[in-house]
Structure formats: structure tokens, C-alpha cells
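See structure below.
The values are calculated or read from the model by the stated rules, or taken from the named source; none is laboratory data. Being a predicted model, the structure only gives us computed values, none of them experimental. When we count neighbours, we look across all protein chains shown, and the Cβ atoms used for this are built from the backbone with ideal geometry, even at glycine.
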Amino acid sequence: MDLMNYIGGKFEGHSGGKWLDVKEPATGNVFARVPLSNSTDVDSAVRAAREAQPEWGGLGSNERARWLDSIADGLESRYEEIASLESRDTGKPISLARAVDAYRSVANFRFFAGEIRSHEEEVFEMSDATNFVSYRPVGVGALITPWNLPLYLLSWKVAPAIGMGNTVVCKPSELTPMTANLLMEVIDEVGLPEGVVNLVHGDGLGAGSSLVSHGDVDLVSFTGGTSTGSEVAKAAAPQFKKISLELGGKNSSIVLDDCEIDSTVKGVVRSGFLNQGQVCLCGSRVLVQDGIYDEFVERFIEEVESMKIGDPSDEETDLGALISAEHLTKVEGYIELAKEEGGTIVTGGYPCLPEPLANGNWIAPTVITGLSVDSRCSTEEIFGPVVSVHRFSEDSEAIGIANNTRYGLAGSVWTGDIERGRRIADSIHTGMVWVNTWLHRDLRAPFGGVKDSGVGREGGKWSLGFFSEATNVCVKHD
Ligand code: TXE
């Protein structure tokens with residue numbers, strides 16, 4: 001299958017004639033080709049978005065919310081197809097693709113339809129004047145998304161962006177283009193006005209950087225790696241584009257000795273290994289208090305070893321393949337480094353899988369103990385099924401370890417004492433902390449990181465704020 005760009009309401013071919021093979025992570029087989037678009041394609045997509053913006057931005061918010069609901073309906077009618085495409089394209093288990101990716105893609109459009117309907121102008125009275133604050137569209141948005149949660153993250157940006165009256169050009173990851181294509185099919189079927197949502201396929205250096213630096217793009221919303229985020233910021237800053245960056249993380253799961261051990265073991269395993277550890281929020285460092293250390297680590301390893309790794313299309317599978325051979329090499333490099341840094345691999349290795357899976361990007365969930373808390377493996381983002389476990393005595397020590405990284409995205413605390421959990425959570429320098437849970441999302445809550453994990457917040461009113469320009473009109477009374 002050869003994919004096409006979607007520009008000005010039409011699926012069309014790209015310039016330059018370059019393609020990239022799309023490989024199934026579980027088998028290494030090529031199953032599609034994605035266009036490697038260039039600046040000419042980006043330019044026509046931005047032009048289409050610019051032309052469509054005034055009329056789209058001029059619609060009332062109820063009308064735009066109705067369009068979001070229609071897209072949600074269209075996606076919902078293809079729920080199972082989204083799950084199986086996402087599972088095939090990313091290597092994640094079908095059960096996860098259904099419960100997380102397909103579910104959230106529909107939910108994102110429905111949620112923002114509701115948010116936009118209830119979003120109101122604000123009024124601030126003075127003794128002699130009234131301020132009317134309205135939220136105008138920013139203009140044309142560039143939406144750049146990664147491969148770990150392809151449609152989940154794309155819909156998280158498209159829905160609020162167009163809901164607030166912007167038009168957009170999407171650039172999904174070249175590794176996982178299939179569900180972005182499906183979203184364009186849905187948008188086409190529901191008859192969204194042409195040019196409101198455009199899609200340019202391609203890689204970062206071709207399509208991605210041309211889009212970010214395009215002179216007629218007003219806003220950039222990017223989710224991806226921290227070093228790429230820095231390139232995106234450098235390209236966008238001189239033109240003063242509005243920018244939101246959701247980047248990497250090195251998050252800690254802090255296990256206190258008063259925790260409820262059964263649910264904590266399950267929660268910390270889920271946090272470490274969901275989506276093969278390829279979620280920016282994953283708890284890849286587990287900090288365990290002295291009093292419970294031995295028992296917890298034993299139970300944790302048992303639970304990790306009980307996970308079923310294999311065919312992503314099997315309903316029983318817990319862990320699938322890593323996204324690419326290159327990414328597998330990166331993860332393997334960190335495991336080798338962990339040994340050099342004095343770590344002990346307590347569980348890991350390679351699963352033995354039958355054809356046609358033998359050529360996929362497989363690695364077993366890996367747990368490392370004995371690493372120093374300053375080591376590279378315990379402070380850098382590995383973004384794979386690799387977790388290091390560390391021992392601590394005092395709460396303050398756990399807080400120090402959790403904060404000892406360039407990242408500041410998320411974390412979790414596991415305890416029987418909610419007040420103590422809240423106190424620790426308040427001292428962790430990240431954008432989000434969960435207590436006795438992980439990745440429990442209320443879409444109204446802010447999402448984003450501090451330090452090298454990014455700039456800005458998305459979610460609920462924060463998304464509506466980012467995708468709009470708050471404008472004040474002050475009227476002096478007679
Ligand atoms: O992501 P990239 P990659 C982390 C993770 C991973 C590392 C690299 O540690 O190992 O990032 O992953 C587009 N201008 N995360 O290389 O490069 C690219 O085409 C504009 C964390 O896959 O960040 C894709 O669409 N765009 C992360 C998107 O950026 C550019 C999820 C993300 O790609 C570009 C994924 C450029 N110069 C990886 N270069 C998270 N926070 O969840 C690339 N792109």
C-alpha cells in the first residue's frame with residue numbers, strides 16, 4: 001500500500017519521488033510505503049490551510065464542535081480497524097491498541113467537542129470600564145507527532161486545534177503513518193471543509209523541519225524526543241511562533257514501605273512496561289524503601305517474568321515488539337552500558353519466537369539492580385522495556401533521586417499514607433505525579449513537563465489556551 005498526502009481536501013501524490021518502507025515491528029516485513037515529502041509539498045499544505053482558515057475560524061464554536069463530534073463518530077465506526085492498524089504499525093499488543101489508542105482517539109474528539117461548547121468569553125469589570133476577553137484562533141498550526149501513540153497523540157492535537165478555529169498541517173511519524181491516513185479518510189468521509197486538516201507524510205529532516213520553519217505557520221505543537229524538540233524550538237523561535245513541546249522523561253516510581261504490596265507490584269510493573277516501556281510517562285526507575293525492598297523486588301520480578309511477550313495480534317499478549325531495529329539497538333546499547341556501570345541484569349534477554357516473528361524487534365522485559373543513582377542508565381531516557389531498581393531509606397533521599405535527572409515529566413508514589421504521598425509528590429520537580437496509580441488521566445487536567453521534558457501544557461483549558469490567542473477589549477463606561 002502506497003500512502004498519499006492529504007492537502008486541501010484531496011489525497012495527492014508528493015514531489016521528488018522518494019519513499020520510505022513501512023515495516024511491521026513484529027516481523028520486520030514491509031507492508032506499506034510512506035511518501036518522503038519535501039518543502040514543495042509542505043508549502044502547498046500550508047497554503048491550503050491558510051486559505052481555509054478565515055472561513056473556518058469564523059464559524060461559531062457550536063458548529064465546530066459538531067464537526068468534532070462527526071469525526072469522533074467516524075472514528076468510532078472504525079474502532080477495530082484503528083486498533084489492528086495501530087497494533088500492526090507499532091508492534092503493540094492488540095488489547096492495548098484497542099483499550100488505549102482506539103479508545104482515546106475517539107474520546108479526544110468527543111472531549112474537546114464538549115470543552116469547546118462550554119468555553120466562554122471572560123469579562124472583568126472595573127469601576128469605570130469592562131474588559132471582554134475572547135479567544136481567537138492563532139492561524140495555521142503545525143502538528144508533529146511521534147510513533148509510540150500515533151493516533152492518540154495526533155487526535156489530542158487536531159481536536160483542540162481545529163476546535164478553536166485554527167487550520168492545521170499534520171506531520172505524523174514516518175515510522176507509523178497508517179492511522180494518520182485513516183484519520184484523513186474519516187475527515188474526508190464526513191466532509192470537513194477542505195483545507196481545515198491537511199497531512200504531509202515524511203521524515204523529520206525533510207517534511208518536519210520545512211513545516212516548523214515555514215514562514216506562514218503560526219503555531220507548532222510537537223511531541224517527540226528531547227533533542228528533536230530542541231531543534232524544533234531553534235527553528236520556530238526566530239519567527240516567534242507559539243510553541244508547545246512534549247518531550248522525554250525519566251520518571252521514578254517511589255515505593256514506600258507502607259504501601260499495599262499487591263496493587264503496588266501490579267501498578268509499578270504496568271508503569272514500567274506498558275507499550276514496551278515506550279511511553280514518555282513510563283516509570284523506568286523504581287525506588288524502593290529499605291523495609292520492603294527484598295519482598296518487593298522478588299514479587300516485582302515474578303510479575304515481570306509472568307508477562308507474555310509475542311505476537312501483537314494475540315489477545316493474550318502483554319508485550320509486543322519495539323518500534324524499529326534501530327531503536328532496539330539503542331535499547332540494547334543501554335543494557336550493555338548498564339553492565340559496564342556495575343548493574344546486574346536480574347531478568348531480561350531475548351524471547352524465542354516462531355516464524356514469522358523471528359525477525360522482529362524483540363527484547364524481553366529487563367530489570368537491572370545495583371546501578372548507582374547517578375549512572376547514565378538510571379538518569380537517561382532509554383524508552384524501552386528496561387527498568388532499574390534502587391534502594392532508599394528516607395523520604396528525602398527518594399525525592400533527591402527522583403529529581404536527579406535533566407527530565408521533569410512525571411512520577412508516581414505508592415503508599416498507604418495519602419498525606420505522606422502528597423507531601424512527596426509536592427517535592428518532585430515534574431509536571432505530573434500520581435499517588436497509588438499511574439497514567440490515570442482526566443482529560444481536563446494539565447499535561448506536560450518541566451526541565452528538559454518540555455515547554456507548555458496541553459489538556460482541557462490548557463489546550464484551548466495554547467491553540468488560541470486570548471484577546472482583551474477594554475470598553476470605558478460613559
Ligand atoms: O523521535 P523524534 P524518534 C524519544 C525516545 C526516542 C527518541 C527518538 O527517547 O528514543 O525520542 O525517537 C519528527 N523537525 N521519544 O527519533 O525524532 C519526526 O519525523 C521537525 C519520546 O522517533 O523526536 C516525528 O514525526 N520534526 C517521545 C517526530 O518529529 C522532526 C515519543 C518525533 O520524532 C524533526 C517518541 C525536525 N528536525 C520518542 N526531526 C515522547 N515524548 O513521547 C524529527 N521530526
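Taking into account only those residues within region 215-237 that are more than 9 Å from the ligand (Cβ to nearest atom) and of a type in the set (G, A, S), which is surrounded by the most Cβ atoms within 10 Å (Cβ to Cβ)?
S221
Go through the residues of region 421-430 one by one and say whether even a single one is in a loop (DSSP other than H, G, I, E, B) and more than 28 Å from L153 (Cβ to Cβ). Quick ask: steps written out before the conclusion?
As a first pass, look at region 421-430 and keep what is in a loop (DSSP other than H, G, I, E, B): 428-430.
Now drop any that are not more than 28 Å from L153 (Cβ to Cβ), which leaves none.
No, region 421-430 contains no residue that is in a loop (DSSP other than H, G, I, E, B) and more than 28 Å from L153 (Cβ to Cβ).
Test T437 against the criterion of being β-branched (V, I, T), assigned by TED's automatic domain parsing to the domain that holds S396, in contact with a strand residue (DSSP E or B) (Cβ under 9 Å, 6 or more places away or on another chain) and surrounded by fewer than 22 Cβ atoms within 10 Å (Cβ to Cβ), and give yes or no. Full working, then the answer.
Working: β-branched (V, I, T): yes; assigned by TED's automatic domain parsing to the domain that holds S396: yes; in contact with a strand residue (DSSP E or B) (Cβ under 9 Å, 6 or more places away or on another chain): yes; surrounded by fewer than 22 Cβ atoms within 10 Å (Cβ to Cβ): yes.
Taking the combined requirement at face value, the residue satisfies it.
Kindly establish whether S324 is buried (at least 20 other Cβ atoms within 10 Å of the Cβ), polar (S, T, N, Q) and within 16 Å of the ligand (Cβ to nearest atom).
On the way: buried (at least 20 other Cβ atoms within 10 Å of the Cβ): no; polar (S, T, N, Q): yes; within 16 Å of the ligand (Cβ to nearest atom): yes.
Judged against the criteria, S324 is not a match.
Scan region 17-31 residue by residue and report those that are surrounded by 15 or more Cβ atoms within 10 Å (Cβ to Cβ), in a strand (DSSP E or B) and not charged (D, E, K, R).
W19, L20, V22
For region 97-151, enumerate the residues that are within 16 Å of the ligand (Cβ to nearest atom), surrounded by fewer than 22 Cβ atoms within 10 Å (Cβ to Cβ) and part of a helix (DSSP H, G or I).
If the condition is that a residue be within 16 Å of the ligand (Cβ to nearest atom), surrounded by fewer than 22 Cβ atoms within 10 Å (Cβ to Cβ) and part of a helix (DSSP H, G or I), then V100, R104 are the ones that fit.
Out of all the residues in region 139-160, is one or more of a type outside the set (S, T, Y) and over 21 Å from the mean Cα position of the chain (by Cα)?
Initial filter on region 139-160 (of a type outside the set (S, T, Y)): 139-144, 146-151, 153-154, 156-160.
Among the residues that remain, those that are also over 21 Å from the mean Cα position of the chain (by Cα) are: 139-140.
Checked region 139-160: at least one residue is of a type outside the set (S, T, Y) and over 21 Å from the mean Cα position of the chain (by Cα).
Quick one: which of D69, D43 is closer than 22 Å to S213 by Cα and of a type in the set (D, E)?
On the way: D69 fails: closer than 22 Å to S213 by Cα.
Only one candidate qualifies: D43.
Would you point out the residue of region 433-471, among those that are more than 14 Å from the ligand (Cβ to nearest atom) and among the polar types (S, T, N, Q), that is farthest from the chain's Cα centre (by Cα)?
Ranking the qualifying residues of region 433-471, first place goes to T471.
Return a yes/no flag: does region 43-62 have any residue that is of a type outside the set (G, A, S), over 30 Å from E120 (Cα atoms) and part of a loop (DSSP other than H, G, I, E, B).
The answer is no; no qualifying residue exists.
Condition check ((1) surrounded by 19 or more Cβ atoms within 10 Å (Cβ to Cβ); (2) more than 15 Å from the ligand (Cβ to nearest atom); (3) outside the structural domain of T379 (by TED's automatic domain parsing); (4) not hydrophobic (A, V, I, L, M, F, W, C)) across all residues:
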{"position": "D258", "(1), (2), (3), (4)": "no, yes, no, yes"}
{"position": "S271", "(1), (2), (3), (4)": "yes, no, no, yes"}
{"position": "V279", "(1), (2), (3), (4)": "yes, no, no, no"}
{"position": "G283", "(1), (2), (3), (4)": "yes, no, no, yes"}
{"position": "V286", "(1), (2), (3), (4)": "yes, yes, no, no"}
{"position": "E298", "(1), (2), (3), (4)": "no, yes, no, yes"}
{"position": "I301", "(1), (2), (3), (4)": "no, yes, no, no"}
{"position": "I309", "(1), (2), (3), (4)": "yes, yes, no, no"}
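Run down V197, V212 and say which single residue is within 13 Å of the ligand (Cβ to nearest atom) and farther than 19 Å from E86 by Cα. Steps first, answer last, please.
Details: V197 fails: within 13 Å of the ligand (Cβ to nearest atom).
Only one candidate passes the filter, namely V212.
Output yes when any residue across region 392-405 is more than 26 Å from V450 (Cβ to Cβ) and within 26 Å of the chain's Cα centre (by Cα), and no when none is. Steps first, please.
If we filter region 392-405 for residues that are more than 26 Å from V450 (Cβ to Cβ), which is where we start, we get 393.
Restricting the remaining residues to those that are within 26 Å of the chain's Cα centre (by Cα) gives none.
Among the residues of region 392-405, not one is more than 26 Å from V450 (Cβ to Cβ) and within 26 Å of the chain's Cα centre (by Cα), which makes the answer no.
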